[in-house]
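Only one structure is covered here, and it is reproduced in the block below.
The values are calculated or read from the model by the stated rules, or taken from the named source; none is laboratory data. Just so it is clear, the model here is predicted, and its values are computed rather than measured. Cβ: placed from backbone, ideal geometry, glycine included. Neighbour counts: every protein chain shown.
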Amino acid sequence: MLHEPSFTIGIEEEYLLVDRETRDLVAEPPTELLDRGREATDGRMTVEFLQSQIEVATTKCATVGQAASEIRELRQTLTDVASDFGYAIIAASTHPFGNWLTQRSTPADRYNKLAVDHGVVARRMLICGMHVHVGIDDDDLRVDLMQQAAYFLPHILALSTSSPFWQGEQTGLRCYRLSVFDGMPRSGLPATFDSWSEYERHLNVLIQTGQIEDSSKIWWDLRPSARFPTLEMRIADVCTNVAHAASVAAVFQSVLAMLHDLKRRNLRWRSYSPMLIRENRWRAQRYGLDEGLIDFGLGRVVPCAELIEELYEMLAQSARRLDCLDELDGTRSIISQGTSAHRQLEIYAKALAGGAETPEALRQVVDFLVDETVNF
């Protein structure tokens, strides 16, 4: 009999610290702020490679709703802490005009080694993401579901985009973050393995030859977590709107449950070449929800509204069992409202049309991000 995973869920989000007056990044936040943040969140806030970034992680949760509630609490708590210093947090995968050249890395052995090993490629990592962990405590099952779930990664990215700007430039992409992150080694779509032991054999080659210390340096869009018996989805931009984040998490959790149900019936999702999935990944990165993704079975590009509706129907039974049907239904709201990237670009265009110069228009985008991050 096939082992039944727990499908527990945890969410990690990375935020940027901004100065409320200038709207620019806080390159060197005071130690007191970070200490208070850790204390106020019971250690669920940690620092990141760049000092202008912080990360939060929920506890292991039974449902998406529970995890989303915890994210709301963490955002509000850190907003309150930051406001005492004249700062705010924004949940966006890039800052509209922040410059990576003026940022400072966090002085810690792990981050110092990262800077030495990867040079400018690491220094320009002024990007934030959302990672979703789903409990799959069987090793072989974790690898099997990782390979099948890769098909859905572009859909998840399209629903989450929040990085249309880079260093004051409108990039033309809904998700510029991946253009930065893909410069890192061992990133992109996950590799293919027949078993957990095969995955470990390949991993050990990199460890034994001194390329990496452990599997935490595998930065695929979807990977077995280095710390927990989970599958960790890493392709998503951080969603500015918490409800959107919950919907993205519900999609990922429900996809895994649906694939597990197929496996119980000796079925599996059809395998497509990484070349084709990478094409959809690029379309999601470039266009977000706007120009559709390729339906490989139909052999044509299909509008994202149709694809997401089909995905909802496909996942509804699993979502109902996991108690995240309401959050899954929220994907329809993302389609109608647009992602954070859409809202940022609309605000920017409206400000320019109203006579604002580019710097002022970008500051208005930051104001939106500050408000939306804690607009529950």
Can you find a residue in region 265-275 that is within 27 Å of Val143 (Cβ to Cβ) and in a helix (DSSP H, G or I)? yes
Out of the residues in region 144-194 meeting the condition of being surrounded by fewer than 23 Cβ atoms within 10 Å (Cβ to Cβ) and β-branched (Val, Ile, Thr), tell me which one is farthest from the chain's Cα centre (by Cα). Thr192
Count, please, the residues in region 14-45 that happen to be under 20 Å from Trp100 (Cβ atoms), out of contact with any Phe, Trp or Tyr (no Cβ under 8 Å at 6 or more places or on another chain) and of a type in the set (Asp, Glu). 2
How many residues of region 194-243 are touching a Leu at 6+ places or on another chain (Cβ under 6 Å), among the β-branched types (Val, Ile, Thr) and either assigned to a helix (DSSP H, G or I) or free of Cβ contacts under 8 Å to residues at least 40 places away in the same chain (or both)? The answer is 1
May I ask you to verify whether Arg300 is under 29 Å from Ala341 (Cα atoms), of a type outside the set (A, V, I, L, M) and under 18 Å from the mean Cα position of the chain (by Cα)? no
Looking only at region 364-376, filter to residues that are touching a residue at least 12 places away in the same chain (Cβ under 8 Å) and not β-branched (Val, Ile, Thr); which one of those is surrounded by the most Cβ atoms within 10 Å (Cβ to Cβ)? Leu369
Confirm whether Arg268 is touching a Gly at 6+ places or on another chain (Cβ under 9 Å) and charged (D, E, K, R). no
So is Arg332 of a type in the set (Lys, Arg), more than 19 Å from Gly172 (Cα to Cα) and modelled with pLDDT of 95 or more or not? yes
Of all residues in region 62-104 being within 20 Å of Leu50 (Cβ to Cβ) and among the β-branched types (Val, Ile, Thr), the one that is nearest to the chain's Cα centre (by Cα): Thr94
Looking at Ala356, Ala361, Ala341, which one is free of Cβ contacts under 8 Å to residues at least 12 places away in the same chain, under 30 Å from Arg20 (Cβ atoms) and surrounded by 14 or more Cβ atoms within 10 Å (Cβ to Cβ)? Ala356
